[in-house]
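*Asks:* There's a structure below that I have some questions on.
The values are calculated or read from the model by the stated rules, or taken from the named source; none is laboratory data. Computed from a prediction, not measured in an experiment: that's the story for all the values here. Here the Cβ is made from the backbone with ideal geometry for all residues, glycine too, and neighbour counts use every protein chain on show. To get the accessible areas, we keep the full protein, side chains included, count just its heavy atoms, and leave off ligands, DNA and RNA. Shrake-Rupley method; radii C 1.70, N 1.55, O 1.52, S 1.80 Å.
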Amino acid sequence: DKQLYEHPSLMHVFSAGNSNNLSTCQSYGAGSQWGNITGGHKMAKNAIATANLNPDATLVASSSRGPAYDGRLKPDISANGNEQASTDPQHAYITFSGTSAAAPGIAGCLAQLTHAYKSLYNGEQPDAAILKVALMNTANDLGNTGPDFRFGWGHVNTFRALRLLEEQRWLEDQVDQGQQQQHTLAVPANARQVKVMVYWSERPAAINAAKALLNDLDLSITGPDGTVYQPWKLNASPNAITLALPAGRGVDTLNNVEQVAIDVPPAGN
């Protein structure tokens with residue numbers, strides 16, 4: 001977190017790990033199916049941890065699952081890493097699998113988006129946070145509706161992320177401690193869904209802190225009729241049943257990313 005915060009254009013893309021269902025990975029307290037992301041670096045707030053998908057977008061059984069040690073959402077995103085063909089050290093080709101194959105795919109997506117961003121914005125180097133949030137908010141939702149501890153925000157869809165950058169459907173802003181910042185979004189008629197995500201790069205927490213989040217931003221959307229929509233919120237209790245449940249709605253105090261998704265939103269501001 002410290003390195004990524006101090007170097008805004010840098011991103012670490014990690015594998016989530018291939019330790020699901022291993023009896024040696026039960027430190028989270030919910031059994032061998034949960035909380036088995038391998039390694040502390042992969043749980044960093046600002047980094048990306050990648051789940052492993054089959055070519056048909058189903059989850060590979062060995063792909064490690066969240067939450068992170070403090071209940072935050074991990075993995076962040078999913079990509080195909082199973083049955084991949086690539087080069088091997090003997091100047092030949094090999095078929096292999098694992099989250100270590102899925103993660104380079106996400107790194108490649110970020111490289112493509114970096115190229116596109118620089119082409120769109122006069123050679124300017126993008127902050128990694130912009131590209132990360134673009135990938136997360138445009139991912140194809142898999143598994144439970146909304147984020148979950150198996151697929152993260154879903155299956156990477158770099159074309160949709162590119163369209164987000166091309167159409168400038170993003171902004172940067174700041175907010176002071178205890179203050180609110182408002183933005184107006186014009187939603188057209190007959191929209192199937194609107195997704196709004198806030199993400200912020202975080203300073204590192206103290207070593208061995210029980211909770212990683214320092215700055216707790218809270219996103220909400222108020223519809224033209226006054227309805228208030230809250231972001232997704234997962235139950236991170238160390239219980240195998242609750243960890244598998246779909247996300248609800250509420251105030252998130254753990255993650256440095258929040259998303260409000262509204263199906264068939266009312267048109268207006």
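*Asks:* Mind checking which residues of the range 115-126 are of a type outside the set (A, V, I, L, M) and surrounded by fewer than 17 Cβ atoms within 10 Å (Cβ to Cβ)?
*Replies:* First, pick out the residues of the range 115-126 that are of a type outside the set (A, V, I, L, M): 115, 117-119, 121-126.
Hits for the range 115-126 are His115, Lys118, Ser119, Tyr121, Asn122, Gly123, Glu124, Gln125.
*Asks:* I've got another one for you. Just give me the residues in the range 127-142 being in a loop (DSSP other than H, G, I, E, B), in contact with a strand residue (DSSP E or B) (Cβ under 7 Å, 6 or more places away or on another chain) and either of a type in the set (Phe, Trp, Tyr) or surrounded by fewer than 23 Cβ atoms within 10 Å (Cβ to Cβ) (or both), in sequence order.
*Replies:* Residues of the range 127-142 that are in a loop (DSSP other than H, G, I, E, B), as a first pass: 127, 139, 141-142.
Of the ones still in play, those that are also in contact with a strand residue (DSSP E or B) (Cβ under 7 Å, 6 or more places away or on another chain) are 139, 142.
Scanning the range 127-142 gives a single hit, Leu142.
*Asks:* Now for a separate question. Any residue at all in the range 68-78 that's open to solvent by 30 Å² or more (accessible area, probe 1.4 Å) and among the basic types (Lys, Arg)? Working first, answer last.
*Replies:* Start the filter on the range 68-78 by keeping residues that are open to solvent by 30 Å² or more (accessible area, probe 1.4 Å), which leaves 69.
Now narrow it down to the ones that are among the basic types (Lys, Arg): none.
No, the range 68-78 has no match at all.
*Asks:* May I pose another question? Give all pairs with beta carbons closer than 7 Å in which a residue from the range 210-224 that is assigned to a loop (DSSP other than H, G, I, E, B) meets a residue that is open to solvent by 70 Å² or more (accessible area, probe 1.4 Å); count only pairs at least 6 apart in sequence or on separate chains.
*Replies:* Here the result reads Leu214/Arg203; Asp218/Val251; Ser220/Val228; Ser220/Gln230; Pro224/Asn269, each pair linking the range 210-224 to a residue that is open to solvent by 70 Å² or more (accessible area, probe 1.4 Å).
*Asks:* If you don't mind, there's one more thing I want to ask. Restrict the check to the range 162-185 and report whether at least one residue is loosely packed, with under 11 Cβ neighbours inside 10 Å, outside any helix (DSSP H, G or I) and either aromatic (Phe, Trp, Tyr) or touching a residue at least 60 places away in the same chain (Cβ under 8 Å) (or both). Please lay out each step first, then the result.
*Replies:* Here is the first cut: in the range 162-185, the residues loosely packed, with under 11 Cβ neighbours inside 10 Å are 167-168, 171-174, 176-184.
Subset that is outside any helix (DSSP H, G or I): 167-168, 171-174, 176-184.
Keeping just the survivors that are either aromatic (Phe, Trp, Tyr) or touching a residue at least 60 places away in the same chain (Cβ under 8 Å) (or both) gives 184.
Scanning the range 162-185 turns up at least one residue that is loosely packed, with under 11 Cβ neighbours inside 10 Å, outside any helix (DSSP H, G or I) and either aromatic (Phe, Trp, Tyr) or touching a residue at least 60 places away in the same chain (Cβ under 8 Å) (or both).
*Asks:* Let me ask another. If you check Arg150 against the conditions, is it modelled with pLDDT of 95 or more, closer than 19 Å to Gly81 by Cβ, within 19 Å of the chain's Cα centre (by Cα) and open to solvent by 30 Å² or more (accessible area, probe 1.4 Å)?
*Replies:* Answer is yes for this residue.
*Asks:* For the range 41-56, enumerate the residues that are in contact (Cβ under 8 Å) with a residue 24 or more places away in the chain and open to solvent by 50 Å² or more (accessible area, probe 1.4 Å). Outline the logic, then answer.
*Replies:* Filtering the range 41-56 down to residues in contact (Cβ under 8 Å) with a residue 24 or more places away in the chain leaves 41-55.
His41, Pro55 - these are the residues of the range 41-56 that are in contact (Cβ under 8 Å) with a residue 24 or more places away in the chain and open to solvent by 50 Å² or more (accessible area, probe 1.4 Å).
*Asks:* Does Arg169 satisfy the criteria of being more than 30 Å from Ser62 (Cα to Cα), out of contact with any Gly (no Cβ under 8 Å at 6 or more places or on another chain) and not aromatic (Phe, Trp, Tyr)? Even if it seems obvious, please write down each step before you answer.
*Replies:* Values: more than 30 Å from Ser62 (Cα to Cα): yes; out of contact with any Gly (no Cβ under 8 Å at 6 or more places or on another chain): yes; not aromatic (Phe, Trp, Tyr): yes.
When the stated conditions are applied, Arg169 passes them.
*Asks:* Taking the condition modelled with pLDDT of 95 or more, hydroxyl-bearing (Ser, Thr, Tyr), out of contact with any strand residue (DSSP E or B) (no Cβ under 8 Å at 6 or more places or on another chain) and surrounded by 13 or more Cβ atoms within 10 Å (Cβ to Cβ), does Thr158 pass? Explain how you work it out, then say what you get.
*Replies:* Working: modelled with pLDDT of 95 or more: yes; hydroxyl-bearing (Ser, Thr, Tyr): yes; out of contact with any strand residue (DSSP E or B) (no Cβ under 8 Å at 6 or more places or on another chain): yes; surrounded by 13 or more Cβ atoms within 10 Å (Cβ to Cβ): yes.
Yes: the conditions hold for Thr158.
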